[in-house]
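Scroll down for the structure; my scribbles are underneath it.
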Amino acid sequence: MNPTSMNNMQRIDQSPASHAGGQSYADDRNACDQNDLRCSQGGSYADSALYAGVNNGAVKGTANQSRSVRRPMWWWLLAAFLAFAVIVTGAFVWQRTTSVSAQKIYDELVSLDPNVTEDQLTARGYVYGGQAAYDWHGVDDEEFPAYETADDASIDRFMSDVRAGRESVLRLVVRGVGPSRTSGSGAVGGVSVRVLWFDPSAAADWAEKDDSGRPATIHHDGKGQIREWWWRDGAVVISDKRFARGIQKDEDSFGSGFTGYVLKHQPAIPSDPDSPDTVITRYDENLCMSDNGL
């Protein structure tokens, strides 16, 4: 027996006790040696294959993660559509709640308590529209008052909006009887409510005919009218009366140094304006009286 064999046998005899037998240990060792030889002979290839395998796994993992968070195109289109729908719906609801209409004004007035006071109306946002003073203007058997010492600032803002063509609403509480009274009635006291709405989209079509024997004159003045409502003692006494966009200024009204601002009535066109039974009368109204001009 040569020395090399003897050394191998000694190494086998000194194997760890955990192996079941010497031959098994030798087989395992030989397998390990053969693997080591293959790795030493083709190490660069084995390392490259191992590196490539590891990196392929990393790339696949990243791709899988990307696929897990990436959205298809239709998902983004759906999200954009839903966002747009929410914005449009919100804008529509907001416009509905904040827009002005004749029905909303009427509903607001009929909801007032018949015994409402000036202070209560002021607390609800109405501004002082002046004291009704008669002997200013009369048409047929009706007397129309002037309104003295009104809130000039609020009325001035309203007139500025009208001149600029901007929609505007003016809510006034008036001391006394408005908008008119029967001549000689002497009605006084209490409060009246007046709402003026400049509607820039209203068609300014109107008629005048002060003589039944003559044809009516029909006017088409474009767009924009002042629309008026009056409330008194629990009832709407004037509903949607129309006035011209232009507000007439009367210097030194009553000869007392006051400046008057007059709303020029634009009567609606009747169904048969040229009928011999039709007479169309204009009922102008005073907006306010000011001692310093607006």
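The values are calculated or read from the model by the stated rules, or taken from the named source; none is laboratory data. Just so you know, these numbers come straight off a predicted model, no measurement behind them. A quick note on method: Cβ atoms are made from the backbone with ideal geometry, for glycine too, and the neighbour counts reach across all protein chains shown.
Worth a mention:
- Residue in the stretch 188-196 that is assigned to a strand (DSSP E or B), over 26 Å from the mean Cα position of the chain (by Cα), aliphatic (A, V, I, L, M) and over 22 Å from Asp141 (Cβ atoms) present: yes
- Which numbered condition Ala216 misses (of (1) under 30 Å from Asp272 (Cα atoms); (2) surrounded by fewer than 20 Cβ atoms within 10 Å (Cβ to Cβ); (3) of a type in the set (Gly, Ala, Ser)): (2)
- Check on Gly130, closer than 23 Å to Ser239 by Cβ, touching a Cys at 6+ places or on another chain (Cβ under 7 Å) and surrounded by 12 or more Cβ atoms within 10 Å (Cβ to Cβ): yes
- Yes/no for Asp277 being touching a residue at least 24 places away in the same chain (Cβ under 8 Å), acidic (Asp, Glu), farther than 21 Å from Gly138 by Cα and part of a strand (DSSP E or B): no
- Restricting the search to strands (runs of 3 or more DSSP E) fully inside the stretch 75-183 and requiring at least 2 residues that are among the hydroxyl-bearing types (Ser, Thr, Tyr) gives 127-139.
- Any hit, the stretch 160-176, residues being closer than 28 Å to Asp113 by Cβ and free of Cβ contacts under 8 Å to residues at least 12 places away in the same chain: no
- Filter result for Leu196 (in the same structural domain as Val262 (by TED's automatic domain parsing), out of contact with any Asp or Glu (no Cβ under 8 Å at 6 or more places or on another chain), aliphatic (A, V, I, L, M) and closer than 18 Å to Ala102 by Cα): no
- Residues of the stretch 123-164 that turn out to be modelled with pLDDT under 95, over 27 Å from Thr281 (Cα atoms) and of a type in the set (Val, Ile, Thr), as a count: 1
- In summary, Ala268 fulfils each of the numbered conditions (1) out of contact with any His (no Cβ under 9 Å at 6 or more places or on another chain); (2) closer than 26 Å to Gln131 by Cβ; (3) not polar (S, T, N, Q) with the single exception of condition (2).
- Flag: Val237 does not match the condition of being in a strand (DSSP E or B) and surrounded by 19 or more Cβ atoms within 10 Å (Cβ to Cβ).
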